[in-house]
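Input: a single structure, listed below in structure tokens.
The values are calculated or read from the model by the stated rules, or taken from the named source; none is laboratory data. What you see is a predicted model, and the numbers here were worked out from it, not measured in a lab. Every residue, glycine as well, gets a Cβ built from its backbone with ideal geometry; the counts of neighbours run over all protein chains shown. In case anyone asks, the SASA skips ligands and DNA or RNA and just uses the protein heavy atoms, side chains included. Shrake-Rupley method; radii C 1.70, N 1.55, O 1.52, S 1.80 Å.
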Amino acid sequence: MSENDNLKQKTARGLLWGGIGNGGMQLLNLFFGIFLSRLLSPSDYGVVGALTIFSAVAGIFTESGFTLAIVNRKKVDDRDYSSVFWFNIAVGAALYAALFFLAVPIAAFYRNPEMVPLARFLFLSFFIGATATAPSAYMFRHLMVKERSKILLTSIVVSGTAGVACALCGLGYWGIATQTVLYSLSTAVLYWRAVPWRPGRRFSAEAIRAMLPFSVKQMTVSLFTHFNNNIFAVLLGRFYGMQPTGYYTQGNKWTFMGWSTVSGMINNVGQPVLRHTTDDPDRTRRVFRKMLRFAAFVSFPALFGLALVSRELIVLTITDKWLPAVSVMQILCAGAAFLPLATLYGNLFNSIGRPGVYMWNTIALGSTQSALVCITYRYGLPAMLAVYSSVNILWLLVWQYFAWRHTGLRLREALADTMPYMVAAAATMALTWMLTRPIAAPLLSLTAKILMAASIYCLAMWGARSIVFRETVEYLLHMRKTI
């Protein structure tokens, strides 16, 4: 088998298992989320959601971008992995100690003293995650997507069961916190069981310095991304109270389940695969365009479809007490449909040795969104969300400009790769919405919308002779025969 064919097979397997793993994770999260949402109140979700930004930021500093730094290096040895492991442990311990004492002023900021013990327990999740950075990087670099998917699915089952058990015992928001911490613990333990590598005692400052230029840029990207993703919870928790924060957290959680499934598929193979093509710019561009078409083919129908069935999903799974989360979910889904494309552009810049482009673009995007959200918060949550989503969509033009400068990819090529799928998905959902409007029963409406939208979209792809659609069907049929 040639190198090109071998890379194609690895890419296809990675996308398949990435889809299975991420799709399974979201279904399991949905399953456990339904139980928790029925047992807990919007305020319970709001309390944990308001703390998320602190643990997320600490987790970013702890990981420090070394996962992608290791993946992007041409050669990696045991010294590199060991140095990253000990560095992450040291940073994680220092940050947890700092946040342990900062829990008091954080609770004072939200005017909720009960958040102090909750924060100290919840923050354990990022410290535990620090122990798993090196084995996670090992699995990512070696395209161990199947093994990683199985581990994450197992961790969700373990942590979700514990979270529901705590909620049934009347522990309230402690159930969500327990689920979060136990997920990190289960994942770390299983990662270590899956990889053959073990850390040595030697720490090399030279190895860390060699990776720092790349890792710092990745850390900055993650920092601004997580800050933007959680700024709503901070502003809502401070100025509107915990109940609106809970509605936002719930709507955002459902949207995240949708777009992260697609982005997870791309992330599992994007940078590792593109890294193999960097010696041939034309090949890099061809591979990127093919992945861009696949991302658009999956992302637009998935997220537009999620917006279409948002009301039915909310009512059937977590009851109509969460109906205010429907509008949140619909607005976020419109913008989130474009996020996997932005993720792929980031993979491209990292793989061609331009992490600075990725970093500064993300900083500019995050700063713009944060400023506009802070300006519009007085007009209410819908206005904030609309501005946030619009900037995400329009910023793709900025990503494309730099892709053209560094790879020669033209705007008309990118539009030709993505716009047909966006138009087909939007038209499919609009037609489905009109045809199913008379159906009042939520379960019947949900079933009709899913079946009708899937059928119309597949027929549109077949009629348009979409190459991505044909190759996806052929690969899935081939995999079915080999199982």
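Kindly report, to the nearest 10 Å², the accessible surface of residue 363 as traced by a 1.4 Å probe over protein heavy atoms only.
We get 30 Å² for residue 363.
Just by accessible area at a 1.4 angstrom probe, what is the order of 462, 259, 399 from largest to smallest?
From most exposed to least exposed: 462, 259, 399.
Ignoring ligands, DNA and RNA, what accessible area per residue does the stretch 290-431 give at 1.4 Å, in Å²?
For the stretch 290-431, the solvent-accessible area averages 38 Å² per residue.
Where only protein heavy atoms count, and the probe is 1.4 Å, what is the accessible area per residue for the stretch 54-121 in Å²?
Heavy-atom accessible area per residue stands at 45 Å².
In terms of the Cα gyration tensor, with a ≥ b ≥ c the square roots of its eigenvalues, is the stretch 72-188 rounded because a/c is under 1.5, prolate because a/b exceeds b/c, or oblate?
oblate
State which entries of 146/449; 253/449; 253/290 exceed 27 angstrom in Cα-Cα distance in the structure shown.
From 146/449; 253/449; 253/290, over 27 Å: 146/449; 253/290.
Give me the number: length gained by fully extending residue 396 to residue 454, i.e. 0.36 nm times residue separation minus the C-alpha to C-alpha distance, one decimal in nm.
Net length gain for the segment: 18.2 nm.
Residue farthest toward the positive end of the dipole of the stretch 26-173, with Cβ of Lys/Arg at +1 and Asp/Glu at -1: which of 166, 50, 138?
The Cα lying farthest towards the positive end belongs to 138.
Evaluate the distance, in nm, between pseudo-label points positioned 7 Å from the Cα of residue 104 and of residue 142 along their respective Cα→Cβ axes.
Calculated label separation equals 4.7 nm.
Just subtract the alpha-carbon distance of residue 75 and residue 121 from 0.36 nm times their residue separation and send over the number in nm, one decimal.
12.7 nm
Need the full-extension length gain, residue 364 to residue 192, defined as separation in residues times 0.36 nm minus the C-alpha distance. One decimal, nm.
58.2 nm
Give me the percent of accessible area attributable to carbon and sulfur for the stretch 366-450, probe 1.4 angstrom.
About 72 percent, which is the carbon plus sulfur part of the accessible surface.
Evaluate the distance, in nm, between pseudo-label points positioned 7 Å from the Cα of residue 216 and of residue 437 along their respective Cα→Cβ axes.
Between residue 216 and residue 437, the simple spin-label model gives 5.7 nm.
Based on the Cα coordinates of the stretch 291-396, what is the per residue volume of their convex hull in Å³?
101
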